[in-house]
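Here the structure comes first, spelled out in structure tokens, and everything after it is commentary.
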Amino acid sequence: TRAQSKVGDSSIAFDGTGDYLSMPDSSDWDFGSGNFTIEFWTRLSSSDDDIRFIGQKADDNNYWKVEKRASDDTAGEMHIRWHSGGSDDFTEYGGALSWSDDTWYHMAVVRNGSSWVVYRDGISVMSFTYSSAVSDIASTLIIGQLSDGAYLDGYMDEIRISDTARYTTTFTPSTTQFTADAN
């Protein structure tokens, strides 16, 4: 839509009632034990909602997700979870954040070796250590929802998954269009 944008003159609009993007499974998001970055700009129309930004879900026993929690004791926190074969690879909550409606935020999840950091607007809001390989989830990549509700009500812009740790310290998020590179 051209109603809102962070980079360029358009963004992806989600109405919170069934909109999402999907892409077929790819080896590009078989992260294993390698470094990677998942990043995007988001503008929430209703920051009081649980939001699943991006992930894959084959079934209730095999999925990964990046989400913002709005309910229970983790309100406002980021939630990163890998779950395979009926057991957790890991579940991490953190970054007790306040969120404002109609405000653009840059989010980045970065794995660099065994160190994981979640950044909001270039500042670390959550970190943890996980050194094992993460399971490959052979399923569609979903943006804006994760097959069981929690649809995004708002916008996303400049969504990128890279096979490198693009950020390892505080940074200033780019407000220009990403350009293709080897990652």
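A few points about this structure:
- All positions within the stretch 98-132 that are aromatic (Phe, Trp, Tyr) and either touching an Asp or Glu at 6+ places or on another chain (Cβ under 6 Å) or under 22 Å from Ala13 (Cβ atoms) (or both): Trp99, Trp104, Tyr105, Phe128
- The test for being open to solvent by less than 20 Å² (accessible area, probe 1.4 Å), within 22 Å of Tyr167 (Cα to Cα), modelled with pLDDT under 90 and part of a strand (DSSP E or B) does not hold for Glu92.
- Look at the stretch 1-28: where a residue is within 15 Å of Ile54 (Cβ to Cβ) and a partner is hydrophobic (A, V, I, L, M, F, W, C) and open to solvent by 70 Å² or more (accessible area, probe 1.4 Å), sitting 6+ places away or on another chain with Cβ atoms under 6 Å, you get Asp25/Ala138.
- If the condition is being surrounded by 13 or more Cβ atoms within 10 Å (Cβ to Cβ) and of a type in the set (Asp, Glu), then the stretch 96-133 contributes only Asp121.
- Ser33 farther than 12 Å from Met156 by Cβ, hydroxyl-bearing (Ser, Thr, Tyr), modelled with pLDDT of 85 or more and more than 13 Å from the chain's Cα centre (by Cα): yes
- Pairing residues of the stretch 102-120 that are farther than 15 Å from Glu67 by Cβ with residues that are modelled with pLDDT under 95 and of a type in the set (D, E, K, R), at Cβ distances under 6 Å and at least 6 apart in sequence or on separate chains, gives Trp104/Lys6; Trp104/Arg43.
The values are calculated or read from the model by the stated rules, or taken from the named source; none is laboratory data. Everything numeric in this text was worked out from a predicted model, so none of it was measured. Positions of Cβ are backbone-derived with ideal geometry, glycine not excepted, and every protein chain shown enters the neighbour counts. Heads up: the accessible areas ignore ligands, DNA and RNA and are worked out on the full protein's heavy atoms, side chains in. Shrake-Rupley method; radii C 1.70, N 1.55, O 1.52, S 1.80 Å.
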